[in-house]
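Input: a single structure, listed below in structure tokens.
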Amino acid sequence: MSKIEVTNIAPAEISCSNCQACCCRLEVMIISDTGVPEEYIARDEWGSETMHRLEDGWCAALDRNTLMCSIYELRPWICRAFDMGSYECITEREDNM
């Protein structure tokens with residue numbers, strides 16, 4: 001059985017109201033300019049840009065009270081492409097249970 005078959009929540013049942021923001025613990029590379037505010041950008045010694053993550057691993061742009069992105073309209077392209085309820089979303093949810 002694949003992981004998607006054994007999950008406790010069906011993709012159609014995942015919504016903003018029950019999102020666990022598991023994707024907000026992933027490393028997110030910034031590959032194009034979407035207007036991400038500077039305070040949320042981390043740069044390595046080679047100039048590569050990623051979303052800044054706090055010491056506990058969560059994205060600095062995550063609103064901890066709502067588990068929603070505080071810069072949603074300016075979020076990186078990788079975040080825009082990570083679909084709620086997709087295989088990747090379900091896999092991350094299962095890995096964090």
**Request:** Go through (1) assigned to a loop (DSSP other than H, G, I, E, B); (2) modelled with pLDDT under 90; (3) crowded, with 16+ Cβ neighbours inside 10 Å and name the single condition CYS23 misses.
**Result:** (1)
**Prompt:** Where residues in the stretch 32-50 are surrounded by 10 or more Cβ atoms within 10 Å (Cβ to Cβ) and in contact with a helix residue (DSSP H, G or I) (Cβ under 6 Å, 6 or more places away or on another chain), which of them is modelled with the lowest pLDDT?
**Reply:** THR34
**Complete:** Of (1) over 17 Å from SER15 (Cβ atoms); (2) outside any loop (DSSP other than H, G, I, E, B), ARG93 fails just (1)
**Message:** Can you tell me which condition ASP83 does not meet? The list is (1) touching a Cys at 6+ places or on another chain (Cβ under 8 Å); (2) under 14 Å from PRO37 (Cβ atoms); (3) of a type in the set (Asp, Glu), and all the others hold.
**Reply:** (2)
**Asked** If we keep just the residues of the stretch 71-89 that are buried (at least 16 other Cβ atoms within 10 Å of the Cβ) and of a type outside the set (A, V, I, L, M, F, W, C), which is modelled with the lowest pLDDT?
**Response** GLY85
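The values are calculated or read from the model by the stated rules, or taken from the named source; none is laboratory data. Just so it is clear, the model here is predicted, and its values are computed rather than measured. Neighbour counts run over all protein chains shown; Cβ positions are idealised from the backbone, glycine included.
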